[in-house]
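Below: the structure, in structure tokens.
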Amino acid sequence: MASVALGADDVAEAFARTGAEVIRTGSHGLFRIEPLAEVDTADGRIAYGPVAPDEVGAVLDGSHANRLGRLADLPFFASQQRFTFARCGVIDPLDLDDYAAHGGWVGLAAARALSPAAVVATVKDSGLRGRGGAGFPTGIKWQTVLDTQAAEKFIVCNADEGDSGTFADRMLMEGDPYCLIEGMAIAAHAVGAAHGYVYIRSEYPFAVATMREAIVRSAARIAPFTLEVRVGAGAYVCGEETALLDSIEGKRGQVRAKPPLPAIAGLFGKPTVINNVLSLAAVPFILANGPAAYAAVGFGRSRGTMPIQLAGNVRNGGLYEVGFGITLGELVDEIGGGTESGRPVRAVQVGGPLGAYFPPSMFHLPFDYESFTTAGGLIGHAGITVFDDSVDMAKMARFAMEFCAVESCGKCTPCRIGSTRGVETVDRIIAGDRIDDNIEILRDLCDTMKFGSLCALGGFTPYPVLSALDHFPEDFGGATALPVAAE
Amino acid sequence: MAGVADGRGVLLPLLHALQDEFGYIDDALVPHVAEALNLSRADVHGVVTFYHDFRRQPAGRHVIKLCRAESCQARGGRAIERAAVERLGVAMGSTSADGRVTLEPVYCLGLCATGPNALVDGVPVSRIDGARLDRLAAQVAA
């Protein structure tokens, strides 16, 4: 979708007119070089990008100025550990033979040779934690579903990737859909589920189309397990797992109180594995290569790799899959290459609209679940949005509250009312009205939302608001108000 | 209703299908949907009004969904939003008086490294600047 948004359809058409055989792949994940074309040669696949439609002749005769050589040799790709995204950008996404030729279905075959309990044990041993944000151990979730007796169980994939700054789920579904399907089939074998749903947000029309076609083509491969796609309808809160279940059931996407956990009483009241796209897509690698190969990479209690998404005002924006433990500064300054505008980095928001803003003075933070929690933030779905020094952090705090007010499901008062009061309070601060008093009210409001909300939407909105206040107080009137008062 | 294998929870797929067919979900359809699925009218009304995607009035002939989320803001999205409102002569979240164009906010299209982004009649467009906005405006004026 990203390369199409940058004109890839026109480039593909221009190549087709020359009589060349054109294969459309997903994205490799470095958007600065999109639309990207790779030409099969005796020396391997030679990449060119960005390419305009009137430049295809120069690509074919090798004279194009944007010749990049083999992508694997570029530092951006050479320094990655691609466990989950190994095939993305490489294969024809819907070609079953291409998928099999690149290691597809090995994990499923390995899983089906094991007992359900042994598959669950393998996932536990890998140390895999939920890649959607909360970081809950995937194997323990599966164990609960396996241990719960029921005539019917479900596998649900949460593909409602609504966080700004994240696009890994979209890229995987568009670029390597069978990887997700294989992961879901393994989960189904592990817990004894017969049917599964992929809930995809409506903002991702290409992912919806690709997944639907991939499910049809791979039906025989995953049988007796069956799958279908359900499409969201523009509600951010449906990314919360219980709201998502209500949405699949055909209801308003409102959050359910827990307990009961979805693993015990989930979709239609039945035991349900609900995992993010990246969690499920990590599973084929783990089954194919063994849990030790996965657990060997990582940092502390965060094992394996994380597909990190560099977004916003960043030079090398894209997807960068690497083991946990790389620092925030390495990601932003070295891998990301700093801002695209060329101005200094002022703030980065990690973990989507509910994640904290960090200043460059905190760039030493290692990228793992525990370090970010300790620093008053979260890694969430691993989106990093970079802002240069033109950003107004009071406005970003206001936006966080406004977003919560627009997207609140309305079920609990702290989120529904608190976010609207939050917008009003930040407005008063911006207007210079009793700044200190209103900052105190805002902090109190954040406290109520954090501890009183039913789910992460109301509960985590305080992260961006409080981190903006704590790390960038000069944007909230205090610093400029003082000299004026001293005059 | 293609793609719905399981008979349960079909209200959202049905509403999507109705909107794809008619462009919006007319209030007059709500009792029929309720009856067909053995739901109350209140249930169906509640779902139609909960989700941002479902329209109760027809949209303009062209629909521009402009991203308002943080990553696009970091890339100048606010200025593009102001320019789009001025250039198209229509407020965010409304349809022009001549029914030509609807301008709506969207919160993230997953194109966060190449913003500001829009979905124009379902087609994604990245790196929107003044020149590209002019082309989009000309496209929807046709």
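The values are calculated or read from the model by the stated rules, or taken from the named source; none is laboratory data. Everything numeric here is computed off the predicted structure, so don't read it as measured data. Here the Cβ positions follow ideal geometry from the backbone for every residue, glycine too, while neighbour counts run over all protein chains shown. Accessible surface is based on the protein model in full, side chains and every heavy atom, while ligands, DNA and RNA are left aside. Shrake-Rupley method; radii C 1.70, N 1.55, O 1.52, S 1.80 Å.
Hey, what number do you get for the protein assembly as shown at 222 nm if only DSSP H runs of n ≥ 4 count, each worth -39500 (n - 2.57), divided across all residues, to the nearest 500?
Values: 28 runs with 262 residues, N = 629.
One gets -12000 deg cm²/dmol as the mean residue ellipticity at 222 nm.
With a 1.4 Å probe and all protein chains in place, put A:T18, A:T327, A:T242 in order of accessible area, largest first. List each step's numbers first, then the result.
Working: A:T18 70, A:T327 35, A:T242 5 Å².
Largest accessible area first, the list is A:T18, A:T327, A:T242.
For the interface of chains B and A, what total accessible area is buried with a 1.4 Å probe, rounded to the nearest 100 Å²? Mind showing how you got there, number by number?
Details: alone 8490 and 19250 Å², together 23840 Å².
Interface between B and A: roughly 3900 Å².
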Open item on the list: Based on alpha-carbon centroids, what's the gap between the stretch B:21-91 and the stretch A:247-315 in Å, whole number please?
Closed with: 29
Task: Rounded to 5, the percent of DSSP beta bridges in chain A classed as antiparallel - done: 55
- [ ] Compute the signed sum of charges (Lys and Arg +1, Asp and Glu -1) over the other residues within less than 15 Å, Cβ to Cβ, of A:A100.
- [x] -3
Open item on the list: At 1.4 Å probe size, put A:D61, A:D160, B:D43 in order of accessible surface, largest to smallest.
Closed with: A:D61, B:D43, A:D160
Open item on the list: Charges at C-beta only: +1 for Lys and Arg, -1 for Asp and Glu. How large is the resulting dipole of the stretch A:301-438 about its Cα centre, in Debye rounded to 20?
Closed with: 360
TODO: Run the 1.4 Å probe and let me know the accessible area of A:K411, rounded to the nearest 10 Å².
DONE: 100
- [ ] Identify unpaired cysteines across chain B, taking unpaired to mean no other cysteine Cβ lies under 4.7 Å from the residue's Cβ.
- [x] B:C108, B:C112
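Placing +1 at every Lys and Arg Cβ and -1 at every Asp and Glu Cβ, with all other atoms neutral, what dipole size does the stretch A:1-111 have around its Cα centre, in debye to the nearest 20?
Details: 8 positive and 16 negative charges, 94 e Å.
In total the dipole reaches around 460 debye.
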- [ ] Scan around A:L227 for amide H atoms under 5 Å from its own, H built in the peptide plane at 1.01 Å from N, and keep only partners 5 or more places away or cross-chain.
- [x] A:G196
- [ ] Can you tell me the dipole magnitude for the stretch A:305-362 around its Cα centre, using point charges on the Cβ only (Lys, Arg +1; Asp, Glu -1), in Debye to the nearest 20?
- [x] 220
TODO: Kindly write out, for the stretch A:436-444 in residue order, the coupling ³J(HN,Hα) from the Karplus curve 6.51 cos²θ - 1.76 cosθ + 1.60 (θ = phi - 60°), rounded to whole Hz, with x marking Gly and Pro.
DONE: 4, 4, 6, 5, 5, 4, 5, 5, 5
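Using only the Cα atoms of the protein assembly as shown, build the gyration tensor, take square roots of its eigenvalues as a ≥ b ≥ c, and label the shape rounded, prolate or oblate: rounded if a/c is under 1.5, else prolate if a/b is larger than b/c, else oblate. Show your work: numbers first, answer last.
Values: a/c = 1.21, a/b = 1.10, b/c = 1.10.
Taking the square roots of the gyration eigenvalues as a ≥ b ≥ c, the protein assembly as shown is rounded.
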Task: 5 angstrom amide H check on A:E161, placed H, neighbours 5+ away - done: A:R201
Task: Relative contact order, percent, chain A [alpha-carbon distance under 8 Å, six or more residues apart] - done: 14
Open item on the list: Set the bar at 25 Å for Cα to Cα. Now go through A:K258/A:K411; A:K251/A:K395; A:K124/A:K270; A:K124/A:K450; A:K450/B:K65 and name every pair that lies beyond it.
Closed with: A:K251/A:K395; A:K124/A:K450; A:K450/B:K65
Task: Accessible-area order (highest first, 1.4 angstrom probe) of the listed residues A:K258, A:K270, A:K395 - done: A:K395, A:K258, A:K270
